[in-house]
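To start, the structure itself, in structure tokens.
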Amino acid sequence: MTQDTYDRAVEIFDALLSGPTRGHHATPARLIQAAELPASTGYRHVATLEAEGLLRRDDTGVYLSGLAAMRTGLRAFAAGRVAPVAQPVVVQLRQATQHSAFLAVSQNMELWVGPHSVGRETRATSIERHYSFDAVPAFTLGTASETGLRSIRDKMMRRAGALLIPVEITADRIVHLGLMLRAPRGPRPALTRALEQAGSQIQSAIAGSL
Amino acid sequence: MSRDNKSNVQRIAAILKGFDADNTPRRTHEILQDLGVSRSTGFGLLRALHTAGWLDRRDHGLWCLGGKARAMIFAPLEPAAMAVPRKVVANPRLAASNGATENAGPELEWDPALVRMVDASRFRHPGPYRIGFSNASTSNAWRRAMLQSLNYARKIAQNQIVSLQVLDAGDNPRVQLEQIDELAASGIDLLLISITSVNDTALSDRLGALAAQGLPIVAVDRRPNDRSSLVSFVTASDHRIGRVSALWLAEHLGGQGRIWMLSGLEGASPALRRQQAALATFAQFPNIRIENVSYTDWTAAGGAAAVARILAEVTHPPDGVWCDSGLQGVGSVRQFLELGLTLPAHTGGDLNEMYQLCLRHHVPMAALDYPAAMGARAVELALDVLDGAVVPRRVEVPVQIVLPRGFETASVKADTWAELHVAWDLGVDAILSQGPALRSALPSDKSRRVG
């Protein structure tokens, strides 16, 4: 095989994996079409990625990133220890607050959003993959703070407010648990309480895994 | 030459998934060895992944996950929440009288078991795997849906699972004991179990003995009281189902009224936990009176029989019927309809017919579907265990609150509307919480729709 063969395999992997973030694809055919792949090989690759847990389908059949993809992403930030607890903590936090809850990783002034669940109270605020901090943040492990975020989409800058609590801090990155806030309001005490309680659960889980 | 017939896409997935939690750099030969491919193929893939940004190169032939892999963390964990154009409260007077305010957020009910982890590295061995499933029964629609979800996941992971042997114990602990032995003797790599009886010591002892011999055991839906033999338990929060449904009923009734309780199967752990949580919640409302508690075996016939029996003894129908599932709830609703009585508020979801009946007859209802999709989740977890991953000791599949529009209460808000949740195009016995397996199954018998 030539190097082109391997480059092409990586392109296919990339195209299929990024498919769910580029639109709603409710059948393998649509995902394959969006990835601009021939149907002959596309089905096999979609089945492979689903079996590997890198893709999954929701109740309506729409393709989403799989839990193994999220786990690999967190490992790439050297934050893989939070992966097993991400789902229960984020979903419970969303259920308790009805605000969009998420795990995220920050490096310097950048914040990458990870596993998340959209809450009805903040449904109007879409969750972006990547934000910049509005101002230089000062975080303390286990303490929630309101943080201004900026994102750029379609050549337009948008602002959002989030309540973030660091759950793991290392020299080059911080893992946060967060809640999106409704625009005109600040964080309510109940939100801060819930976030700090959920954050402490992650901290104890990380401590237990060391 | 490569020693397998895997595609390069599959090999790429294996390379990226092979890094540890700290993204510790891996040596080229180590990656190639795990992959089981020739040097030329391995180097070709590593070079291509590096060029595209999926891998970073470190000194002396070391690799770690790169920037492109970091982008994979963005993952929705649940379907997006529905839009709420305005605050909808079923009874604004009730909300006001309860003193509900913006600041009265619900407390986070945290179960510490959800973040307890277990290292399954001792069970790691190369696939494909043979998995056995000792199923308590397929005696109701939910159990059949859970099995369908499990089979769906097996189909997805067919390259990793060489066989999935399923035995149905018909709710008989003695039969299940024999079937466990039969599965173990067949040389399975992992046992999935949904236990017939939580208190059966013979079953618990046998599971303990098998675990001591090194067989990984994962329970799904129902587990033994003694959980020491289990690596993990896949379930949903029965406590949440019991508590939230009871809270909704009590608030919907304005904190006062007569309630009949219809539980599922006596001795089954989900029924027990839902009932306990509901009773504890009702106890917070001094003017709520629990008039009786019946067991229904989670069947429509059981629900109908219980309601008929109680109606024969009392003069007035109740204000609310708390059901831990719509499996018996449909029997109750049908019974009130047949007798021409005013339909009291009901709880209990799961079954499509429950939603169809309640919406068609405008019955106030609240439902928290016990997710049949836990079957698929159990298979995923089984594969994680056999891959030697760190897994949660308890996995809870999320449970959504489903209410018809206009029936939210001060504390209980809908995750989705019943009008959107119901499937009018599917049969009455469809279980809506089985995930993608629902639509991949054969079409339901549409002739059996609710009339």
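Readers should treat all values here as calculations from the given coordinates under stated rules, not as data from a laboratory. Note that the structure is predicted; figures quoted are calculated from it, not measured. Reconstructed Cβ throughout: ideal geometry from the backbone, glycine too, with neighbour counts over all protein chains shown.
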Residue-averaged [θ]222 nm for chain B, counting only DSSP H segments that reach four residues, each worth -39500 (n - 2.57): -11000 deg cm²/dmol
Ranked A:His99, B:His60, B:His239, criterion: other C-beta atoms within 10 Å, fewest first: B:His60, B:His239, A:His99
Prolate/oblate/rounded call for the range B:135-185, Cα gyration tensor, a/c under 1.5 rounded: oblate
Within the range B:175-260: Cβ-based charge dipole about Cα centre, in debye rounded to nearest 20 (Lys, Arg +1; Asp, Glu -1): 480 debye
Dipole magnitude of chain B about its Cα centre (Cβ charges: Lys, Arg +1; Asp, Glu -1), debye to nearest 20: 1280 debye
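Quick one: dipole size for the range B:141-286, taken about the Cα centre, charges +1 on Lys/Arg Cβ and -1 on Asp/Glu Cβ, in debye to the nearest 20.
Details: 14 positive and 13 negative charges, 110 e Å.
Dipole magnitude for the range B:141-286 comes out near 520 debye.
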Helix axis angle, B:141-156 relative to chain B longest principal axis, alpha carbon, degrees: 20 degrees
Integer Hz, Karplus 6.51/-1.76/1.60 couplings in order for the range B:399-412, x for Gly and Pro: 10, 9, 8, 10, 10, x, 4, x, 10, 6, 10, 4, 9, 10
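Note the direction-averaged projected area, equal to a quarter of the hull surface, for the Cα convex hull of the range A:51-210, in nm². Walk me through the numbers on the way to the answer.
Values: hull surface 39.7 nm².
Answer in nm², one decimal: 9.9.
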Distant-in-sequence amide H partners of B:Gly66 (H built 1.01 Å from N, under 5 Å): B:Leu55, B:Asp56
GNM result for chain A, Cα springs below 10 Å: residue of A:Gly148, A:Gly61, A:Gly53 fluctuating most strongly: A:Gly61
Amide proton proximity set for B:Arg394, modelled H, under 5 Å, gap of 5+: B:Arg116, B:Phe233
For the range B:288-409, fraction of C-alpha pairs farther apart than 18 Å, in %: 57 percent
Which of B:Thr347, A:Thr60, B:Thr296 has the fewest Cβ neighbours within 10 Å, and the rest in rising order: A:Thr60, B:Thr296, B:Thr347
Crossing angle, helix B:269-282 versus chain B [Cα axis fit, 0-90 degrees, rounded to tens]: 50 degrees
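Any idea what diffusion coefficient the protein assembly as shown gets from Stokes-Einstein, in µm²/s, Kirkwood Rh on alpha carbon pairs, 10 °C, 1.306 mPa s?
Values: Rh = 26.0 Å.
The Stokes-Einstein estimate is 61 µm²/s.
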Cα gyration tensor, the range B:190-233 - rounded (a/c under 1.5), prolate or oblate: oblate
Percent of C-alpha pairs per 5 Å bin, the range B:192-327, short to long: 2, 10, 18, 18, 16, 12, 9, 7, 5, 3, 1, 0
Exposure proxy order (Cβ contacts within 10 Å, fewest to most) of B:Tyr152, B:Tyr355, A:Tyr43: A:Tyr43, B:Tyr152, B:Tyr355
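Could you tell me which of rounded, prolate or oblate describes the range A:134-210, using a ≥ b ≥ c as the square roots of the eigenvalues of the alpha-carbon gyration tensor, with rounded for a/c under 1.5 and, failing that, prolate when a/b is larger than b/c and oblate otherwise?
Taking the square roots of the gyration eigenvalues as a ≥ b ≥ c, the range A:134-210 is oblate.
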Exercise: per-residue mean of other protein chain Cβ atoms within 10 Å, A:41-49: 3
